[in-house]
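What follows is a set of notes on a single structure, which appears directly below.
The values are calculated or read from the model by the stated rules, or taken from the named source; none is laboratory data. Because the structure is a prediction, the values reported are computed rather than measured. Heads up, the Cβs are rebuilt from the backbone with ideal geometry, glycines too, and the neighbour counts pull from every protein chain shown. Protein only, heavy atoms only, side chains kept; ligands, DNA and RNA dropped before computing areas. Shrake-Rupley method; radii C 1.70, N 1.55, O 1.52, S 1.80 Å.
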Amino acid sequence: MSEQAKLEIGGKVYQLPIVVGTEDEHAVDISKLRQESGYITLDDGYSNTGSCSSAITFIDGEKGILRYRGIPIEELAEKSTFIESAYLLIYGHLPTSLELRRFSDLLTQNEMLHEDMKFHFEGFPPNAHPMAILSSMINAASCFHPRLMEGYQPGNFEVQSARLLSKVRTIAAFAYRKSHGLPIIYPKPIYKYTSNFLHMMFSEPYEDYNLKPEVVRALDLIFLLHADHEQNCSTSTVRMIASSRANLFACAAGGVCALWGPLHGGANQAVIEMLEQIHREGDDGSKFIEAAKDKKSGRKLMGFGHRVYKNYDPRAKIIKQQCDKILESLHINDPLLDIAKKLEEAALHDSYFVERKLYPNVDFYSGIIMRAIGIPIEMFTVIFAIGRMPGWIANYKEIMDEATTRIYRPRQVYVGPTERHYLPIEKRTKNA
Ligand code: CMC
């Protein structure tokens, strides 16, 4: 018989099955607990809850390990591209050259937006945040592809997913051009994914952007490193929406909204704002570190800490190296990089951060690379969203392919008023 856990409540013992993952992760399956005992489990913020079984991404937060479909992130960062890794995440294996060619062709065929979508862009005010535009426009794009509304169909998933992955970059670039009052630049089929994005962002109608290979590689690497990260806030949001059988574009639009917050994808923007503030105030970082340790200050060291990593985030290691490389090759001397390195050094030797196992995460250095490339700060989280799209698509597919997936519907422990009765308005007092 497989391993069981025993839970004793009020003198009665309940047997709970133990589920073991391929990396020897052990979980107590409590799915029948309420049915058998009347009890639910409570886990505020889900820090100890496995919401699903998944075969996409593995993280060992204690050891600082991240693997996409079993392949270490370090190998992918060195040898793969964003699009190849996207294929790996979505379809579970590295593509053959024929499969990669077909995938790339599908991305090219779907790079344009319906011309009528231009009117939607016009409706946003000049300084609209591009994350708001991105989320709205992903949903709007679904209206131009009515077959999406027929629900998940394995037969046309390949096209639908390529459509989303391809169009999201066009939407993102158009959102940037719109918010800066710049003319829209259409994609060019001769360019690969990341080059095409840079072209749509920075070319002018009268002059093509000079695509430097090291810039293309740096941005491609940022996309690749963000491509999936198991059950984080936005991916769980995508899975939550998908569990109701909503369409792929609706799920992705929800993922964008969840990613926007400063504790999640919005942290890359918040890191640069923090570094700029430190620079402006002439602080060497030490005052900020003190404030970040003081809970009353309302400040945190942005780009530090992670729910899962209790060790150096492996993505941050790769990004930090890339950061040095790109700044050197573009001959940029960014004072924010010096401040970031000083902050890191100070935090890694400060007992507050050491005891809490707070290390730099993926967002700590990525913003400095994006600044060097010329990506404006309000677009940083959009870049994260483009990068995370394959992970969301892979999780959507996983949930749809699993015949037994039920709608996600957590329970709660109710702590509000017990039964009381409706008072007519003339009898009410304030807060009664
Ligand atoms: N600066 C100062 N103190 C911190 C920080 C930080 N960045 N992060 C965590 N702590 C403290 C926290 O106050 C708590 O202290 P205490 O034990 O005294 O109450 C302790 O460390 C444990 O932290 P937690 O809040 O329980 O951790 P969490 O798992 O709930 O939150 C986090 C994880 C990433 C939201 C948090 O570390 C944080 O807010 N970091 C800054 C924002 C950030 O960089 N977010 C990007 C995350 S990585 C990319 C992504 O997922 O999008």
Evaluate the following for residue 355: is it within 16 Å of the ligand (Cβ to nearest atom) and loosely packed, with under 15 Cβ neighbours inside 10 Å? yes
Hits in the range 200-216 (condition: open to solvent by 10 Å² or more (accessible area, probe 1.4 Å) and touching a Lys or Arg at 6+ places or on another chain (Cβ under 9 Å)): 208, 214, 216
Which one of 88, 107, 113 is under 13 Å from residue 167 (Cβ atoms), in contact (Cβ under 8 Å) with a residue 12 or more places away in the chain and in a helix (DSSP H, G or I)? 107
Go through the residues of the range 90-100 one by one and say whether even a single one is crowded, with 16+ Cβ neighbours inside 10 Å, aromatic (Phe, Trp, Tyr) and at pLDDT 95 or above. yes
Of 269, 277, the only residue that is in a helix (DSSP H, G or I) and buried (at least 22 other Cβ atoms within 10 Å of the Cβ) is 269
Restricting the range 132-169 to residues that are in contact with an Asp or Glu (Cβ under 8 Å, 6 or more places away or on another chain) and at pLDDT below 95, the residue that is most open to solvent (accessible area, probe 1.4 Å): 154
Segments classed as helices (runs of 4 or more DSSP H), wholly inside the range 350-432, with at least 2 members that are of a type in the set (S, T, N, Q) and under 30 Å from residue 162 (Cα atoms): 380-401
Report yes if some residue within the range 291-302 is under 29 Å from residue 75 (Cα atoms) and either within 9 Å of the ligand (Cβ to nearest atom) or surrounded by fewer than 18 Cβ atoms within 10 Å (Cβ to Cβ) (or both); otherwise report no. yes
If we ask which residues in the range 26-42 are under 30 Å from residue 58 (Cβ atoms) and either surrounded by 12 or more Cβ atoms within 10 Å (Cβ to Cβ) or touching a helix residue (DSSP H, G or I) at 6+ places or on another chain (Cβ under 8 Å) (or both), their number turns out to be 9
Matching residues in the range 222-265 (open to solvent by less than 30 Å² (accessible area, probe 1.4 Å), of a type in the set (A, V, I, L, M) and part of a loop (DSSP other than H, G, I, E, B)) number 2
List the pairs whose first member sits in the range 296-319 and is touching a residue at least 12 places away in the same chain (Cβ under 8 Å), whose second member is of a type in the set (Val, Ile, Thr) and within 8 Å of the ligand (Cβ to nearest atom), and whose Cβ atoms are under 8 Å apart, counting only residues at least 6 apart or on separate chains? 302/271; 303/271; 313/362; 315/362; 316/362; 319/362
When only residues in the range 36-45 that are part of a helix (DSSP H, G or I) and modelled with pLDDT of 95 or more count, which is farthest from the ligand (Cβ to nearest atom)? 36
At pLDDT 95 or above and either more than 16 Å from the ligand (Cβ to nearest atom) or open to solvent by less than 10 Å² (accessible area, probe 1.4 Å) (or both): which single residue out of 375, 368 fits that description? 375
